[in-house]
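Visitor: Mind looking over this structure? Questions follow.
What follows draws every value from the coordinates through simple rules; no lab data is involved. Computed from a predicted model, the values in this text were never measured in an experiment. Note that we place each Cβ from the backbone using ideal geometry, even for glycine, and neighbour counts take in every protein chain shown.
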Amino acid sequence: MQDAFLKFIDQKKLCKSTDKILVAVSGGLDSMALLRLFHEGGFSVAVAHANFQLRGAESDGDEQFVAHYCKQRGIPFFGNRFDTNNYAKANGLSVQMAARELRYAWFAQLMQSKGFDCVATAHHANDNTETVLLNLTKGAGIDGLTGIEPRNGKIIRPLLFASRAQIEEYAAQIQLAWREDESNAGTDYERNKIRHTVITTLKQINPALENTIARSTEKLKGVEYFAEAGLAYWRNAYVNEFHGQLLISKKGLQDMPAAALYHYLRTFGFNWDQCHQIATATHLQPGKRFSALEYELVIDRDNLILYSKSDLKPVEIAEVDKVYRQGAQEMQVRLLKEAFLSTQKTMACLDADKVPMPLTWRKWMEGDVFYPLGMNQKKKLSDFFIDQKLSLADKDSVTVVASNGQIVWVVGYRMDDRFKITDTTRRTLILDCKF
């Protein structure tokens, strides 16, 4: 087992012999075996034990057991107690997810404060099988069927090569002591149901299920590799960036299955049902909108327009000769002691004596009106946008500059006629915006 352990670490490039490794140890068989293998292998290790206080005296007994084991062998020990039940209720999480969040956040803190190079967890081949079957049950795509990765950032899993039976055999050979968590024997949790019911049945068909699943996940990783290459080719051909927006050409969506579109849009927070609707809506009337947590997607004439929904807060412009920022845009404000005109859409030249400071730079709002340059009648911005044939995505990104509540410039589109340069202008306020 020791040789196979070291070989797996070397093959997967999980860590170096000089690394400082934080081993997550619960006190159970798997994590105790992992700690023993690292310690016997001559690695520099320390132990992190999370007491989630879910099993009363049993949880405290686990903590005492691990702490005593480390003290006997001179292994640095870090313990932490969590109020897991209250954390789960306060954050609307299952107890399992709450425990996961708490322990990984703590691991990250320990790594930063104590200078560890990585955290090792005791996931093994059986865990990999359970994960694949659980993900398949919940409708996962290819990424959910490639199993547990040996390395995920600074989290390493050096026992993935071994089955639970192999770990039990190793523990018996070296007479390893561990603590048994009785909750693992029940079927209250999803993973336990997979372990004790589904896998038990499947192993009647294929006794070597863990090895078969491991081979399948390796094959799927190859498919995923080429899928990513195909996605990169498609993205280069049909996705363009324009003023912070992503334009996805409808030409690139012809005969494209919803699953392929999902493979791209999921990185922006869109779920499977949304991607299926988007794939079938591309031929419909422009204007159909889809919303994720941080992004918005709008069906336009020739493209799908994807952009961030970042909430831009109003910016006060109180001084000249200064640069102000609004999201990805920046605006330079200058004052000239003469009349000056420019035809650049990104620059507004205003009669400074007609524009009291401070100014407010903000997103446009429903109900906003202004007098478009060249007109002596006011117009709703929403109607102005229709005249300009702006897409919904473009509308959402429009900002305005106002003085005393009156719009002086629709940024990048049109000045207000009331504040234009005239023959009597003595000073010019220049607003120069970079997108």
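Visitor: Please pull out the direction-averaged projected area of the range 15-142, using the convex hull of its alpha-carbon atoms, in nm² to one decimal place.
Guide: Result: 9.4 nm².
Visitor: Also: Short version: ³J(HN,Hα) in whole Hz for each residue of the range 50-67, in order, from phi by Karplus 6.51 cos²θ - 1.76 cosθ + 1.60 (θ = phi - 60°), x for Gly and Pro, what are they?
Guide: Ordered by residue, 3J(HN,Hα) equals 9, 9, 7, 6, 9, 10, x, 5, 5, 5, 5, x, 4, 4, 5, 4, 5, 4 Hz.
Visitor: For the range 231-288, just the Cα atoms, rotate onto the principal axes and tell me the three extents in Å, largest first.
Guide: Principal-axis extents of the range 231-288 (Cα, largest first): 25, 24, 22 Å.
Visitor: Can you return the lysines within cross-link range of K354? Criterion is Cα-Cα under 21 Å, with same-chain partners fewer than 8 residues away left out.
Guide: Leaving aside lysines fewer than 8 places away in the same chain, those within reach of K354 are K322, K337, K345, K378, K379, K420.
Visitor: Which ³J(HN,Hα) values in Hz, rounded to whole numbers, follow from the phi angles of the range 130-147 under the Karplus curve 6.51 cos²θ - 1.76 cosθ + 1.60, where θ = phi - 60° and Gly and Pro get x?
Guide: For the range 130-147, the Karplus-derived couplings read 4, 5, 4, 5, 5, 5, 4, 4, 9, x, 5, x, 4, 5, x, 9, 8, x Hz, x marking Gly and Pro.
Visitor: By how many degrees, between 0 and 90 and to the nearest 10, does the Cα long axis of helix 272-281 differ from the longest principal axis of the chain?
Guide: 40
Visitor: Something else about it: List the residues, sorted by chain then number, that are 5 or more residues from N303 or on another chain and whose placed amide H is less than 5 Å from its amide H.
Guide: K250
Visitor: Further question: When you count, for each residue, the other Cβ atoms within 10 Å and take the mean per peptide, how do 363-374, 347-358 rank with the highest first?
Guide: With the highest mean Cβ count within 10 Å placed first, the list reads 347-358, 363-374.
Visitor: Same structure, new question: Normalised by the empirical 2.2 N^0.38 Å for globular proteins, what value does the Cα Rg of the range 325-392 take?
Guide: 1.29
Visitor: Please list, or write none, the aspartates and glutamates whose alpha carbon is within less than 16 Å of the alpha carbon of K7, excluding same-chain residues fewer than 8 places away.
Guide: E40
Visitor: Counting pairs of alpha carbon atoms under 8 Å apart in space and at least six apart in sequence, what relative contact order in percent does the chain give?
Guide: Relative CO of the chain lands at 11 percent.
Visitor: Also: Determine by what factor the alpha-carbon radius of gyration of the range 250-322 differs from 2.2 N^0.38 Å, reporting the quotient.
Guide: The value comes to 1.44.
Visitor: I want the local charge near L159. Using Cβ-Cβ distances under 15 Å, sum +1 for each Lys or Arg and -1 for each Asp or Glu among the other residues.
Guide: Around L159, the charge tally is -4.
Visitor: Compute the distance from the alpha-carbon center of the range 206-248 to that of the range 4-67, in whole Å.
Guide: Each part's Cα centre sits 33 Å from the other's.
Visitor: Work out the P(r) tail for the range 199-260: percent of alpha carbon pairs separated by more than 17 Å, whole number.
Guide: For the range 199-260, the share of Cα pairs beyond 17 Å comes to 61 percent.
Visitor: GNM on the chain, C-alpha springs below 10 Å: top fluctuator among D387, D143, D181?
Guide: For the chain, modelled as a Gaussian network with Cα springs under 10 Å, the answer is D387.
Visitor: Shifting gears a bit: What full-extension length gain, to one decimal in nm, is calculated for R325 and K154 as 0.36 nm per residue of separation minus the Cα-Cα distance?
Guide: Using 0.36 nm per residue and subtracting the Cα-Cα distance, I get 58.0 nm.
Visitor: Once amide H atoms are placed 1.01 Å from N in the peptide plane, what residues at a sequence separation of 5 or more from Q53, or on another chain, have their amide H within under 5 Å of its amide H?
Guide: F82
Visitor: Would you please give the residues with an amide H less than 5 Å from that of W409, counting only those at least 5 places away or on a separate chain, with H modeled from the backbone geometry?
Guide: Sorted by chain and number, the residues that satisfy this are V401, D416.
Visitor: How big is the range 2-216 along each principal axis, measuring the range of its Cα positions in Å and listing the largest first?
Guide: Extents along the principal axes: 46, 44, 33 Å.
Visitor: For the chain, take N as its residue count and report Rg(C-alpha) divided by 2.2 N^0.38 Å.
Guide: So the Cα radius of gyration is 1.38 times the expected 2.2 N^0.38 Å.
Visitor: Between K337 and Q175, what is the label-to-label distance in nm when each label sits 7 Å out along the Cα-to-Cβ direction?
Guide: 9.6
Visitor: Find, to one decimal place in angstroms, the Kirkwood hydrodynamic radius of the range 258-403, where the mean of 1/r is taken over every pair of different Cα atoms and then inverted.
Guide: Every distinct Cα pair counted, the radius reaches 18.0 Å.
Visitor: Hey, another quick one. Please list 3J(HN,Hα) in residue order for the range 384-399, calculated via the Karplus relation 6.51 cos²θ - 1.76 cosθ + 1.60 where θ = phi - 60°; whole Hz, with x for glycine and proline.
Guide: Working through the residues one at a time gives 4, 5, 5, 4, 7, 6, 7, 6, 4, 5, 5, 4, 5, 9, 6, 10 Hz.
Visitor: Turning to a different aspect of this structure: Over what distance in Å are the Cα centres of the range 114-144 and the range 295-358 separated?
Guide: 47
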